[in-house]
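Below is one structure, written out as structure tokens; the observations come after it.
Each reported figure results from applying straightforward, stated rules to the coordinates on display, with no laboratory input. Keep in mind that what you see is a predicted model, and the values were worked out from it rather than measured. Positions of Cβ are backbone-derived with ideal geometry, glycine not excepted, and every protein chain shown enters the neighbour counts.
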Amino acid sequence: MAYYENVFIARQDISSSQVETLAENLAKIIEENGGKVTKTEHWGLRTLAYRIKKNRKGHYVLMNIDAPSDAVREMERQMRLNEDIIRYLTTRVDELEEGPSAILQARNARDDRRGGRGGSRPPRN
């Protein structure tokens, strides 16, 4: 089997629980076709660089996948049919990344600098 990283963007007007359900359904498709999802990360609601289908923001989700290509192809087919998914990208990788992704590491470092609060920024000098 091959290793894949998949990132998809869901519409901004669905809830976080709906995004989690969507990710679980996609993982189920992979498992039904002989693969497995080793990691799922929810990056949250983020601003898009440009509007996509009238959306300015989107829920980002990363999935690390160990599966045959047929399973990934079926998952991508289902993503194309789902109206809640506005974009997706699947990339084949040599090995799956352990631990948090670079996006989550940057978010954690930013939170640490703020003292763990998601509040206001420190004053500028």
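Most fluctuating residue of 22, 62, 104 in a GNM of the chain with Cα springs under 10 Å: which is it?
104
Choose one answer from 46, 80, 114: the residue with the largest mean-square fluctuation in a GNM of the chain with alpha-carbon springs under 10 Å.
114
I'd like the Kirkwood hydrodynamic radius of the chain, using the inverse of the mean 1/r over distinct C-alpha pairs, in Å.
Result for the chain stands at 15.8 Å.
Return the lysines within reach of residue 57: Cα separation strictly under 25 angstrom, same-chain partners fewer than 8 residues apart disregarded; answer none if there are no such residues.
39
If you average the sequence gap of Cα pairs under 8 Å that are 6 or more apart and divide by the length of region 11-125, what percent do you get for the contact order?
24
Run the helix sum for the chain: -39,500 (n - 2.57) per DSSP H stretch of 4+ residues, divided by residue count, reported at 222 nm to the nearest 500 deg cm²/dmol.
-11000 deg cm²/dmol
Report the full-extension gain for the segment residue 33 to residue 80: residue separation times 0.36 nm, less the Cα-Cα distance, to one decimal in nm.
In short, 15.1 nm is gained.
Students often get this wrong: which residues of region 58-74 have the backbone nitrogen under 19 Å from the point 7 angstrom along Cα-to-C-beta of residue 13?
58-60, by backbone N distance to the label point.
List the residue ranges in the chain for DSSP H helices whose C-alpha atoms run 27 angstrom or more along the long axis and whose Kyte-Doolittle average is 0.0 or above.
Within the chain not a single helix satisfies the rule.
Just 41, 76, 97 to compare: in a GNM of the chain, with alpha carbon springs under 10 Å, which one fluctuates most?
It is 97.
List the aspartates and glutamates whose Cα lies under 15 Å from the Cα of residue 28, skipping any in the same chain that are fewer than 8 positions away.
Counting by Cα, and skipping residues close in sequence, residue 28 has these aspartates and glutamates nearby: 20, 66, 70, 74, 76.
Any idea what the dipole of the chain comes to, in debye rounded to 20, about its Cα centre with Lys/Arg Cβ at +1 and Asp/Glu Cβ at -1?
Computed about the Cα centre, the dipole is about 1160 debye.
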